[in-house]
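**Student:** To start, I am sharing the structure in question, which I have written as structure tokens.
The values are calculated or read from the model by the stated rules, or taken from the named source; none is laboratory data. Remember, predicted model here, so these are calculated numbers, not experimental data. In this analysis, Cβ positions are derived from the backbone assuming ideal geometry, glycine residues included, and neighbour counts consider all displayed protein chains. With ligands, DNA and RNA removed, areas are computed over all heavy atoms of the protein, side chains included. Shrake-Rupley method; radii C 1.70, N 1.55, O 1.52, S 1.80 Å.
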Amino acid sequence: MRKKGYKGRCEKRTLSKCQDVCRTYDVIQSAYADMLQNNPDVKEIRCNVLLDGLSEGEYTSDFVCVKSDGDLMVRECVFRKFLTKPMTVRLLDASREYWTNHGVIDWGIVIDAGTEK
């Protein structure tokens with residue numbers, strides 16, 4: 001999850017399954033975008049989707065995907081070292097609740113291997 005309008009360094013990529021330019025902000029997002037692009041069960045990828053009306057502020061979900069069966073899949077990318085931070089936990093809970101309230105069952109977290117310094 002990122003704050004809407006996040007100004008950090010990003011990599012702009014064109015993916016065939018993504019209608020817009022996909023902006024990735026870290027190695028986890030970049031690697032996971034490649035995995036989604038190569039996954040035959042994923043029909044469409046949307047990056048940095050605004051969570052409209054979130055009480056925590058204006059944040060975006062990292063990936064919202066349409067699977068081949070038409071269901072949505074949401075993934076949030078987080079570095080392992082941030083999983084114990086209260087704000088990270090609060091935002092992930094808010095994202096899960098937001099998407100659950102919108103009928104999404106397949107919500108998950110993508111974490112790194114914990115090797116970065």
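**Student:** Which condition does ASN48 not pass, out of (1) farther than 20 Å from ARG9 by Cβ; (2) part of a strand (DSSP E or B), if it passes all the others?
**Tutor:** (1)
**Student:** Give the residues of the range 38-75 that are over 22 Å from GLN19 (Cβ atoms) and surrounded by 15 or more Cβ atoms within 10 Å (Cβ to Cβ), sorted by residue number.
**Tutor:** Within the range 38-75, LEU54, GLU56 qualify.
**Student:** Confirm whether TYR25 is modelled with pLDDT under 95, in contact with a Gly (Cβ under 7 Å, 6 or more places away or on another chain) and more than 18 Å from TRP107 (Cβ to Cβ). Lay out the reasoning, then the answer.
**Tutor:** Details: modelled with pLDDT under 95: yes; in contact with a Gly (Cβ under 7 Å, 6 or more places away or on another chain): yes; more than 18 Å from TRP107 (Cβ to Cβ): yes.
The answer is yes for TYR25.
**Student:** So how many residues does the range 1-37 have that are surrounded by 15 or more Cβ atoms within 10 Å (Cβ to Cβ) and without any contact (Cβ under 8 Å) to a residue 12 or more places away in the chain? I'd like the intermediate steps shown before the answer.
**Tutor:** Applying the first criterion (surrounded by 15 or more Cβ atoms within 10 Å (Cβ to Cβ)) to the range 1-37 yields 1-2, 10, 13, 15, 17-18, 22-26, 28-30, 32-33, 36-37.
This time we only want the ones that are without any contact (Cβ under 8 Å) to a residue 12 or more places away in the chain, so: none.
Of the residues in the range 1-37, 0 are surrounded by 15 or more Cβ atoms within 10 Å (Cβ to Cβ) and without any contact (Cβ under 8 Å) to a residue 12 or more places away in the chain.
**Student:** Right, next: For LYS7, are the conditions met, namely being at pLDDT 90 or above and not hydrophobic (A, V, I, L, M, F, W, C)? Reasoning before the result, please.
**Tutor:** Working: at pLDDT 90 or above: no; not hydrophobic (A, V, I, L, M, F, W, C): yes.
For LYS7, the condition - at pLDDT 90 or above and not hydrophobic (A, V, I, L, M, F, W, C) - is not met.
**Student:** Residue under question is GLN37, and the condition is that it be in a helix (DSSP H, G or I) and modelled with pLDDT under 95; does it hold? It would help to see each step written out before you state the result.
**Tutor:** Values: in a helix (DSSP H, G or I): yes; modelled with pLDDT under 95: yes.
So GLN37 fits the description; yes.
**Student:** A further question follows. Within the range 76-92, does at least one residue satisfy the condition of being touching a residue at least 40 places away in the same chain (Cβ under 8 Å), out of contact with any Cys (no Cβ under 8 Å at 6 or more places or on another chain), open to solvent by 30 Å² or more (accessible area, probe 1.4 Å) and part of a loop (DSSP other than H, G, I, E, B)? Show your work before the answer.
**Tutor:** Step one: filter the range 76-92 for residues touching a residue at least 40 places away in the same chain (Cβ under 8 Å), giving 76-79, 91-92.
Going one step further and asking which of them are out of contact with any Cys (no Cβ under 8 Å at 6 or more places or on another chain), we end up with 76-79, 91-92.
Checking which are open to solvent by 30 Å² or more (accessible area, probe 1.4 Å) leaves us with 79.
When the remaining residues are screened for being part of a loop (DSSP other than H, G, I, E, B), the result is 79.
Yes, there is a match, as at least one residue in the range 76-92 is touching a residue at least 40 places away in the same chain (Cβ under 8 Å), out of contact with any Cys (no Cβ under 8 Å at 6 or more places or on another chain), open to solvent by 30 Å² or more (accessible area, probe 1.4 Å) and part of a loop (DSSP other than H, G, I, E, B).
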